[in-house]
Amino acid sequence: MDTILSMSTQELSRLEIMQRLTQKQMSQKKAGEMLNLGIRQVKRLLRSYRQEGATGLISKQRGRKSNHQMVAEVKQGALNLLKTKYADFGPTLAREHLSESDQLHLSVESVRKIMVEEGLWKARKAKKVTTHQLRERRACFGELVQIDGSPHDWFEGRAEACTLLVFIDDATGRLVELQFVQSESFFTYGQSAQSYFTRTGKPAAFYSDKHSIFRVNLPNAGKGDAVTQFGRAMQELDVQIICANTPQAKGRVERVNQTLQDRLVKEMRLLGISSREAGNAYLPTFIQDFNQRFAEAPRSSVDAHRPLTSHENLSHILTWQEPRTLSKNLTLQFDKVVYQIQTERPTYALRHAEVTVCLDSAQHVAIFYKGKSLPYTIFNKQTHQADVVAAKDVNHAVNVVSLPHKPSPNHPWRRGYPTPLPIQSNVSP
């Protein structure tokens, strides 16, 4: 009685070759080349075919459990953690935490398979590919640093939404500075730059978008000679600012923003971080771990960072600076405030003098004349008028507006007042 055998395409090919070898129509060397096997393996298959026929070519593992099958207890333990602790994690990030935090050493594909089977992960649809001109990475570390701000609910409601300033090196993909700030501004970028310069040195150039912090975007700003306060500070420090025409041009920092909105948010959730101060304290640890995982070696071993010189006072350079001309009475106006200069020298010496007003991040004002600070008093403050707010700061400006106080549900005003009792008379009837 004939027996029906189930064979794969590979096994059928081997059967045909073994039949030709048996009939001496082919050499074992030629058979090995066609099957991509060694001569010893060909001899073993031929011996099995002569002893058992076509059955000898069928894999002995068919129908059996894999030798590398995951242990049921390990799979169940991983599944419990994926459904509770790592419910919204991706397979790669979940595998890292299962291995490092829970000592469950699984491959990424094993974790992905478990998550797909349980409906915890769905493969994303491939997006329509848009071709952009490829730009090669810079060769040296510090040659070009891409900077951007990423507004996001970083603490998932445990604290107010804020902005993360991101500095990433173009040559290596290393994060060189991260800082949680209230919003993008000259002072927040100045504080982040000061921290970065002090720790690593000055890069050759910054690569940014066309935010008004980096570029004067007003049509009547002149022939392009006007610079922003951040641009003026970088000119003094000899750091070039390059503005990208499109988000795709600075794709490295745009992509890392998306990665941070996934990884950093979940890492802080696991650690219970619920304030901007605690988040900033954790960022150096996160940067070190991120760079160990994803940073690449530069093509050149030359470090393009330059050390700060002795005359580069960052605390002074990274202040908001505007020129003013003193009046005959030695007064000047800055930010709707009139300042009166106090001096012991003859007043005519400072009349119509050109001075520089410096405002730091703590809103302290200093007035300099030929590099020396001048004492002053506040003469008058004007009434506050409407402010001009950049498009990216509108949400922050609206959120900080104080709303009318809403009484609590148990406030006496909601309960009403008791009806007054009638006045008791002491006169007997």
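Bear in mind that the values in this text are calculations on the coordinates, not laboratory data. The structure presented is a predicted model; accordingly, all values stated were derived computationally and were not measured. Cβ: placed from backbone, ideal geometry, glycine included. Neighbour counts: every protein chain shown.
At-a-glance table
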{"item": "Prolate/oblate/rounded label for the stretch 238-279 (Cα gyration tensor, a/c 1.5)", "result": "oblate"}
{"item": "Cross-link reach list, lysines versus K85, counting only Cα pairs under 23 Å and skipping chain neighbours closer than eight places", "result": "K75, K113, K122, K266"}
{"item": "Long-range Cα-Cα pairs in the stretch 72-156 (distance over 22 Å), rounded percent", "result": "52 percent"}
{"item": "The chain, relative contact order in percent, only Cα pairs under 8 angstrom and at least six apart counted", "result": "11 percent"}
{"item": "For the stretch 319-381, average projected area of the Cα convex hull in nm²", "result": "4.1 nm²"}
{"item": "Label of the coordinate-derived value, log10 I(q)/I(0) by the Debye sum over Cα atoms at q = 0.11, 0.14 Å⁻¹, listed as (1) -0.88, -1.40; (2) -0.80, -1.35; (3) -1.05, -1.33", "result": "(3)"}
{"item": "Contact order normalised by residue count of the stretch 72-117, Cα under 8 Å, 6+ apart, percent", "result": "37 percent"}
{"item": "Using alpha carbons only: equivalent-ellipsoid semi-axes of the stretch 72-117, gyration tensor based, whole Å", "result": "12, 12, 11"}
{"item": "At 1.002 mPa s and 20 °C, Stokes D of the stretch 271-350 from Kirkwood alpha-carbon radius, µm² per second", "result": "113 µm²/s"}
{"item": "Taking R135, R232 and counting other C-beta atoms within 10 Å, the order from fewest to most", "result": "R135, R232"}
{"item": "Nearest 10 degrees, 0 to 90: helix 39-52 Cα axis against the chain principal axis", "result": "50 degrees"}
{"item": "Rounded tilt (10° steps) of 91-100 against the dominant C-alpha axis of the chain", "result": "90 degrees"}
